[in-house]
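First the structure, in the form of C-alpha cells, and then the observations on it.
The values are calculated or read from the model by the stated rules, or taken from the named source; none is laboratory data. This one's a predicted model, so the numbers in the text were calculated from it and none came from an experiment. Using ideal geometry, Cβ is built from the backbone for each residue, glycine included, and neighbour counts are taken over all protein chains shown.
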Amino acid sequence: MANRFLMNFAPRWIIFCCDLFLISASFIFSFFLVHHLSIDSPDIVIFLPGLITHLVISVICIVVFGIYRGIIRYSEIRDIVRIIKFALLQFGIWSVIYLTDNNNIVTGKVSFDLLLINLFAVIFILVAFRLLVKEVYFLAQAKPNPIHRTLIFGAGMMGQITRKVLEQDAKINTTLVGFIDDSHYKVGKKLEGVPIYSAAGDQLTKLFKEKGITQIYIAIDRLTVDRKIAITDLCVPFKIKVNVVPHANQWSGGLFQKNQVKEMNIEELLQRDEIILPFDKLKATYSNCTILVTGAAGSIGSEICRQLIQQDVKKLIMLDQAESGLFDLEYELRQKGMNNGLQVEVASVRDYMRIKKIFLTYKPDIVFHVAAYKHVPLMEFFSSEAVLTNIFGTKVIADLSMMHNVKKFVLVSTDKAVNPTNVMGATKRVSEIYIQSLNDRIESNTEFITTRFGNVLGSAGSVVATFKKQIADGGPLTLTHPDITRYFMTIPEAAKLVLEAGKIGRSSDILLFDMGKPVKIVDLATRMIQLAGLVPGKDIAIQYTQLRPGEKMYEELFKDSEEFAPTDHPKILRAKKSPETNPNFYSLLNKLEAAAISHSSEMITPILSKMLPEFHHAPNKNKKVVGVEKAEQLPF
C-alpha cells in the first residue's frame, strides 16, 4: 500500500511543492524588483501578510487547474496554456482583493505594479522549469550511438504526435533526423526545431545517403497507394524499414502508442486504392435485426461480425465448429461493448437437426453463410468432405432459411466457381446454382443472394501468411509458376462487400466486386521480400515448382456466357441470371450426396462434371498429400 501511494501520489505532491516554491520565489522577486532590490526591515514585516495571501491564492489556483498533475518531462503546449490560465486566475483574484482591501490588511505592501510583474514572472519561471526538466531528461536518456536514424513522412499533426511518442519512449533507440513532406510550403522550414526536407525522389535518395537513414514512419492519413509504393521503392535499395502510423480512429482509447505502429505490409501496397463503401447507410438494413453468421470464426466471418455490431443489430448469432476461434471472437466483441444480443453456437452446418434447433431458437432475419472448406489442393484429396460441407452444408442453411422465412440469405462464394478446374471451385458453383434456383422452384419470402470475389490478403492460410513464414524461415519462397495471377482484396473490403450485397441484392442475384487488375504472385513475393529488408534472389530465393492439382494459371470473376448489369454502387456488378441448362441437375445432386456420404471419392468428380459442363478437372494421380502450400486460397 505504501509503495502504491509513493508511485501514484508522491510525484504529484513533489511537483506541487516545487511549483509552490517557484511561485513564492517569483512573488518575492517581483517585490524586490518593485522596491529596486532594496527594502527596510519594516517593509519586510508589512510584506509578510501579502506573501501569505499570495500562497493561499496560489494553492487554490494550482488545485483548480491541476498544473502539478502533468508529467513534467512530457510537457507540451496544453501544459503551457494551463499555466497561463493559472496565472491569469491568480492575477484576477489578487486584483479583486487589491481593489477591495482599503486598509491593506491582507495585501500588506503589495502594489498593482508588483501584481503585474508577477503575472509575467510566474508564467516564465513555471514554463522554464518544465522545459529545463524536459531537456535534462531527454539529454540523460539520449544514446551516444542510436541504432536507428529516423525520418517522419508528414510534417503535420500526426507527424508531431509521432515525434512525441518516439521521444517519450525510453526503449526506442533512435534519433529523429527530420521530417519529410510533399508540400513545398513546408520544405526548408523547421517543426519544433526539427528540419523539414523534401520528399521528392531524387532529394530523398540524396538524404538517405547523407544522413544514413535506417527507418521511416509514414504519418499521413489516406496516403495514396501509388505514393506508398513510390516511397517504399526508394527505401528498398537502402534497406530502410518503412513503418505506418495508424489512422487516428484506430488509436487505442483515442491515444497513439508506439506498439500501434505497424510495418509496411503488402496489404498497404495493393495495386489500387481501397474501395470505400457507404458503410453508414447499412444501418437501415441491419439495425434491430437478428442475424446469423456461419463460419464466424474465420477471417471473413469474424470481420463481418465486427462490422455488424456497429449497425445496432438486435441479436448476432455466431456459428462455427472452431470453438477456440469463436471464444476469441466473443471475448473481443464483448470487450468492445457488445454484451447484449451476442450469441455463440458451436455446430456443423451439415447437422440438419442441430441447425434446425438454432433457427427455431433465434428466428434469424438475415443469414450470412460463410462457412466452407477452401483449400484447393487439400480438397482434391478430400472431395467428399468438400461436397458435404460446401454443397450440402449450404443446402441445410438455405433450406432452413426458406422454411423459417428468413428475409435475406447471402452466400459467400469465390472466383474459383467460374469455369472450375478443381473440386473446391466446382462445389461452390453447385452451391451458387442451388440457391439461385430456390426462388424459382418454391414460392418463398427469402431472397437468395450470392457474392463472388477473389483472394483475400491477410486471411488465415493465405499466400501472404505462407510467404511471411517462408521469409522468417530464411526462404525459399515457393511458387507454382512465374506467370500465375490472382485477384486480391483486403479483409475489411471483402466483409463490406458482403454487407453491401445484403443491402442492395435481390433474389437470385450474383454480385461481384470490381477487383481491379490481377496481381502476379511473383510480384507479390518479390515485394514482400523487399519489405522485409532483403534482396530477392540474393537473401531469399524464389523457387518454382509446378501447378498443383486443380490449380489455374489465372482466375475469372465471371463466365463468358454471363452478362452483367450495374448496381447502385459503381464497384459492384449484378449477373443477369441465365436459365439452368442441365435438366438432370437435381437427380445428379441426389447421387452426389449418396457418393459423398459413402465417401466414394472416385464417383464425385464424374458426377460434378455431369452437373457442370464447364468443369474441366485435371485428374490427380498423386495419392499422398505432400508439401501442400497455401498460395491460392479462399479467405474463410
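Residue-wise test of (1) farther than 22 Å from GLY502 by Cβ; (2) assigned by TED's automatic domain parsing to the domain that holds GLY505; (3) among the small types (Gly, Ala, Ser).
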| residue | (1), (2), (3) |
| --- | --- |
| SER287 | no, yes, yes |
| THR290 | no, yes, no |
| PHE327 | yes, yes, no |
| ARG334 | yes, yes, no |
| GLU345 | no, yes, no |
| SER348 | yes, yes, yes |
| ILE355 | no, yes, no |
| PHE359 | no, yes, no |
| VAL367 | no, yes, no |
| Residues of region 469-526 satisfying the condition of being part of a strand (DSSP E or B) and under 30 Å from LEU411 (Cβ atoms) | THR485, ARG486, PHE488, MET489, THR490, ASP509, ILE510, LEU511, LEU512, PHE513, VAL519, LYS520
| Are any of the residues in region 170-183 closer than 22 Å to LEU234 by Cα, out of contact with any helix residue (DSSP H, G or I) (no Cβ under 9 Å at 6 or more places or on another chain) and at pLDDT 85 or above? | yes
| query | Can you tell me which of ASP399, ASP440 is of a type in the set (Asp, Glu) and at pLDDT below 90? | reply | ASP440
| When you look at ARG452, is it modelled with pLDDT under 80, crowded, with 20+ Cβ neighbours inside 10 Å and touching a Leu at 6+ places or on another chain (Cβ under 9 Å), yes or no? | no
| Filter result (in contact with a Gly (Cβ under 8 Å, 6 or more places away or on another chain) and either assigned by TED's automatic domain parsing to the domain that holds ILE231 or of a type outside the set (Lys, Arg) (or both)) within region 479-512 | TYR487, PHE488, MET489, THR490, ILE491, LEU511
| request: Tell me which residues, restricted to region 419-456, are in contact (Cβ under 8 Å) with a residue 24 or more places away in the chain, part of a helix (DSSP H, G or I) and among the basic types (Lys, Arg). | output: LYS428, ARG429
| task | May I ask you to verify whether ILE358 is surrounded by 15 or more Cβ atoms within 10 Å (Cβ to Cβ) and in contact with an Asp or Glu (Cβ under 6 Å, 6 or more places away or on another chain)? | result | yes
